[in-house]
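A.B. asks: Okay, here's the structure, questions in a sec.
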């Protein structure tokens, strides 16, 4: 007897999977064991906007103790998560409880992080800082560059704690203030946007000083600090 439709999105099959995960979590918790799950949030806009998929991601995120997001902001591809898929993912992550453990893995297009473009690295970092909560963790790596210790100077940028939620500016840019930093993301795949900076001088990683406003090209992320971005050592 066939139970499911065989379609990529099947509400009945999705409900069964969610119920099974809840069953596993309940039994693990009874043994004092926490549960982490790799929950897919893809770059496919039609998939991300489907109400069945969105609700399943919310339900699975609620059920487990740690939400692992292996797609990050890059989905391990040259064209990063943008437009409607970006907004859908943004909304889902921001809907997580403030204390939900959330891990963002950001694979680069290149096989090794050392060969990755600054633009993609900056995109991943800015997107994470835009959506993170108090229990979030983040990593960068090359495509499937797992099981090795990877360091990068930009992972040590100090922005302090967030002093507000993400905000959308009138241009379509998304921004967030930190005690010692400011992040901006342009999620559009086609349009440049103008970002209005908070008052004062802001420093890029390479030492450029910005003030007033800055233009972000499509699929661009920017992380700024109040002072020179000197890695912790």
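A.B. asks: Is it true that residue 43 is assigned by TED's automatic domain parsing to the domain that holds residue 97, outside any helix (DSSP H, G or I), within 20 Å of residue 88 (Cβ to Cβ) and modelled with pLDDT of 90 or more?
C.D. replies: Taking the combined requirement at face value, the residue does not satisfy it.
A.B. asks: Checking residue 66 against (1) modelled with pLDDT of 95 or more; (2) within 23 Å of residue 113 (Cα to Cα), which single condition isn't satisfied?
C.D. replies: For residue 66, the exception is condition (2).
A.B. asks: Continuing with the same structure: Kindly indicate whether any position in segment 175-189 is at positive phi, surrounded by 12 or more Cβ atoms within 10 Å (Cβ to Cβ) and either without any contact (Cβ under 8 Å) to a residue 60 or more places away in the chain or in the same structural domain as residue 73 (by TED's automatic domain parsing) (or both).
C.D. replies: Taking every residue of segment 175-189 in turn, none turns out to be at positive phi, surrounded by 12 or more Cβ atoms within 10 Å (Cβ to Cβ) and either without any contact (Cβ under 8 Å) to a residue 60 or more places away in the chain or in the same structural domain as residue 73 (by TED's automatic domain parsing) (or both).
A.B. asks: Sticking with this structure for a sec: Looking at segment 55-75, which of its residues are surrounded by fewer than 19 Cβ atoms within 10 Å (Cβ to Cβ) and assigned to a loop (DSSP other than H, G, I, E, B)?
C.D. replies: 65, 70, listed by residue number.
A.B. asks: Within segment 190-227, track down each residue that is assigned to a strand (DSSP E or B) and in contact (Cβ under 8 Å) with a residue 40 or more places away in the chain.
C.D. replies: Those that are assigned to a strand (DSSP E or B) and in contact (Cβ under 8 Å) with a residue 40 or more places away in the chain: 216, 220, 221, 222, 223, 224, 225.
A.B. asks: Looking at 147, 101, which is the one that is over 18 Å from residue 220 (Cα atoms) and either outside the structural domain of residue 61 (by TED's automatic domain parsing) or free of Cβ contacts under 8 Å to residues at least 12 places away in the same chain (or both)?
C.D. replies: 147
The values are calculated or read from the model by the stated rules, or taken from the named source; none is laboratory data. Just so it is clear, the model here is predicted, and its values are computed rather than measured. Positions of Cβ are generated from backbone atoms using ideal geometry, with glycine treated the same way; all protein chains shown enter the neighbour counts.
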